[in-house]
Amino acid sequence: IISLQSYSDDSGEPSLLRFMCAELTRGYFLEHNEAKYTERREKVYTCMRIPRELERLMIFGIFLCLDAFLYVFTLLPLRTLLAFLRLLTIPCCGLGGSRFLQPAQVCDLLKGLIMVLCYSMMHYVDYAMMYHLIRGQSVIKLYIIYNMLEVADRLFSSFGQDILDALYWTATEPKSRKRAHIGVIPHFFMAVFYVFLHAILIMVQASTLNVAFNSHNKSLLTIMMSNNFVEIKGSVFKKFEKNNLFQMSNSDIKERFTNYILLLIVCLRNMEQFSWNSDHLWVLLPDVFMVIMSEVAVDIVKHAFITKFNDITADVYSEYKASLAFELVSSRQQNAYTDYSDSVARRMGFIPLPLAVLLIRVVMSSVKIQGALSSVCLLLFYLGLITMKVLNSIVILGKSCHYVKEANMEGKLFERPTAQTSKQTPKKANPAKSPPPSVQRPSTSITKQPSPRAKSFPPAPPPVTEVTSDPPPDSPAKPEESSSETPQSTELKHKTTKKDLLEIDRFTICGNRIG
């Protein structure tokens with residue numbers, strides 16, 4: 001406007017001087033596009049909030065994985081021993097009438113047998129020979145091998161939990177129905193074979209990382225760390241929704257926790273080679289810190305730009321925490337559908353059995369137990385692990401109850417699913433929209449051991465037609481604004497808040513997720 005006025009005010013011909021004066025004095029008003037600039041400012045604030053909200057979710061998820069991982073070392077041996085003693089006390093007659101072992105006890109026995117067999121088989125795998133075989137390869141070849149191992153680990157985690165679930169269900173399935181499986185023994189050998197192969201795969205990953213730490217020029221370690229930044233390119237510029245972002249967050253939690261265990265194995269192997277000299281530990285710590293910080297930086301950058309490009313608020317991570325907390329609280333119910341460690345495996349793709357077998361193998365080969373004093377130290381270490389497991393469980397259970405109450409989902413814990421006959425056929429809908437059975441929790445108390453089931457089948461999930469009309473989870477849970485609202489509007493708002501988080505559950509409880 002100013003430049004046009006300057007041209008019109010002067011009757012002379014336009015000149016370069018007049019043009020420069022118009023450019024230097026030309027103004028504009030940002031308030032004419034207030035909505036646009038406000039939105040851009042909110043995006044900046046969202047990116048600034050992402051590191052804090054993401055790390056809160058990561059810390060909570062890592063403690064969930066730690067709880068499931070410590071369960072294998074602490075409570076699972078005791079539960080397996082109790083189930084084995086129960087099996088020995090079964091009378092020799094009258095085996096065909098009632099069930100003498102609860103389904104959870106049968107699963108504990110199977111897990112214990114898998115751990116013992118796989119640990120025995122791991123003794124025939126030479127870690128030192130594998131390390132020197134990997135060390136003799138070129139840097140580029142090792143970089144390709146490391147990438148292939150990461151892909152194979154995700155595929156193994158995706159299919160492994162299906163193999164274990166098939167074994168548990170085959171062993172505990174009611175015998176009244178017609179047999180539609182190949183038998184418990186073939187499923188058991190498939191599970192043992194899977195855990196053994198997955199443990200070897202993780203051992204190769206640890207050996208490759210160990211070679212990178214011990215290389216003189218650190219070129220391999222630098223290439224492996226740069227591989228994390230390539231992950232940004234493969235994920236940032238894709239279309240993401242809230243449910244897909246939740247799957248990625250769970251995968252990142254599992255990946256970070258697995259990297260911590262791999263770094264622990266690398267430190268144990270290096271300390272053993274240097275006769276547990278504490279000076280060598282200070283040489284390893286900078287590399288360990290560098291690997292961890294590169295992983296944290298990549299996750300923050302990746303999630304910050306994914307939320308920016310897809311217009312997702314930072315409050316969505318609070319919903320993710322509430323969903324994980326709901327799963328934890330539900331697994332502590334009296335008649336829970338699954339064990340907590342198995343639910344974590346389905347959520348995050350983290351299967352603790354192969355990693356636990358490898359860690360036991362490395363610790364037993366690195367630490368020599370001789371004499372009574374070593375046995376006493378081992379007992380004290382085991383008691384310390386149990387104490388750590390109990391304290392961790394208490395803390396995360398209290399946090400989970402707090403998150404569930406904040407999201408107004410506590411009422412969902414006490415809902416009983418509606419009965420549904422086998423002849424009823426639900427309406428056709430998208431398979432991804434059907435609610436998983438594990439979301440519905442019929443019990444009302446928290447105990448250690450479930451009581452015997454009165455029925456031979458668990459209650460059926462609610463019909464599909466009740467969930468397909470749910471709105472998508474567009475906003476986090478909001479508190480009640482005033483007490484003057486009608487009871488109907490309050491009840492409607494309460495249901496909508498629950499359904500927001502159930503939309504997340506619907507897409508994340510799956511065993512065939514690659515991550």
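Yes/no matrix, rows are residues, columns are (1) among the aromatic types (Phe, Trp, Tyr); (2) surrounded by fewer than 20 Cβ atoms within 10 Å (Cβ to Cβ); (3) outside any helix (DSSP H, G or I):
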site	(1), (2), (3)
THR38	no, yes, no
PRO51	no, yes, no
GLU55	no, yes, no
PHE84	yes, yes, no
CYS118	no, no, no
ALA128	no, yes, no
GLN137	no, yes, yes
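Inspection of segment 380-390 finds a residue satisfying the criterion of being among the hydroxyl-bearing types (Ser, Thr, Tyr) and without any contact (Cβ under 8 Å) to a residue 12 or more places away in the chain. ILE223 fulfils the conditions (1) aliphatic (A, V, I, L, M); (2) farther than 27 Å from ASP315 by Cα; (3) at pLDDT 85 or above except for a single criterion, (3). Of the residues making up segment 265-313, those that are closer than 30 Å to TYR127 by Cα and either touching a residue at least 24 places away in the same chain (Cβ under 8 Å) or in a helix (DSSP H, G or I) (or both) number 28.
Does segment 185-207 contain any residue that is modelled with pLDDT under 85 and either farther than 18 Å from LEU113 by Cα or hydrophobic (A, V, I, L, M, F, W, C) (or both)? Break it down stepwise before answering.
Our first condition is that a residue be modelled with pLDDT under 85; within segment 185-207, this holds for none.
No - not one qualifying residue is present in segment 185-207.
Every condition in (1) over 24 Å from ARG346 (Cα atoms); (2) open to solvent by 30 Å² or more (accessible area, probe 1.4 Å); (3) not acidic (Asp, Glu) holds for LEU209 except the one numbered (2).
Would you confirm whether or not segment 265-288 contains a residue that is within 22 Å of the chain's Cα centre (by Cα), open to solvent by 10 Å² or more (accessible area, probe 1.4 Å) and among the hydroxyl-bearing types (Ser, Thr, Tyr)? So far as segment 265-288 goes, no, none of its residues is within 22 Å of the chain's Cα centre (by Cα), open to solvent by 10 Å² or more (accessible area, probe 1.4 Å) and among the hydroxyl-bearing types (Ser, Thr, Tyr). Filter segment 98-142 down to residues that are under 23 Å from ALA356 (Cα atoms) and polar (S, T, N, Q) and give me whichever is modelled with the lowest pLDDT. Only one residue tops the list, namely GLN105.
Considering the conditions (1) out of contact with any His (no Cβ under 8 Å at 6 or more places or on another chain); (2) in contact (Cβ under 8 Å) with a residue 24 or more places away in the chain; (3) crowded, with 16+ Cβ neighbours inside 10 Å, GLU241 is excluded by exactly one of them, (3).
I'm trying to understand the selection: among the residues of segment 312-342, which are touching a Leu at 6+ places or on another chain (Cβ under 8 Å) and of a type in the set (Gly, Ala, Ser)? First the steps, then the outcome.
Kept after step one, since they are touching a Leu at 6+ places or on another chain (Cβ under 8 Å), are these residues of segment 312-342: 312, 316-317, 319-324, 326, 328-330, 332-333, 340, 342.
Those that are touching a Leu at 6+ places or on another chain (Cβ under 8 Å) and of a type in the set (Gly, Ala, Ser): ALA322, SER323, SER330.
Would it be correct to say that ALA325 is surrounded by fewer than 20 Cβ atoms within 10 Å (Cβ to Cβ), assigned to a helix (DSSP H, G or I), of a type outside the set (Lys, Arg) and at negative phi? So ALA325 fails the test.
Criterion first (outside any helix (DSSP H, G or I), surrounded by fewer than 21 Cβ atoms within 10 Å (Cβ to Cβ) and not aromatic (Phe, Trp, Tyr)) does SER251 satisfy it? No. Look at segment 153-166: where a residue is part of a helix (DSSP H, G or I) and a partner is of a type in the set (S, T, N, Q) and open to solvent by 30 Å² or more (accessible area, probe 1.4 Å), sitting 6+ places away or on another chain with Cβ atoms under 8 Å, you get SER158/ASN512; PHE159/ASN512; ASP162/ASN512. Among the residues making up segment 402-421, a single one is among the hydroxyl-bearing types (Ser, Thr, Tyr), modelled with pLDDT under 55 and open to solvent by less than 80 Å² (accessible area, probe 1.4 Å): THR418.
Residues that are within 23 Å of VAL266 (Cα to Cα) and assigned to a helix (DSSP H, G or I) occur at least once in segment 330-352.
The values are calculated or read from the model by the stated rules, or taken from the named source; none is laboratory data. Computed from a predicted structure; not experimentally measured. Ideal geometry is used to build each Cβ from the backbone, glycine not excepted, and the neighbour counts take in all protein chains shown. These area figures cover heavy atoms from the full protein model, side chains too; ligands, DNA and RNA do not enter into them. Shrake-Rupley method; radii C 1.70, N 1.55, O 1.52, S 1.80 Å.
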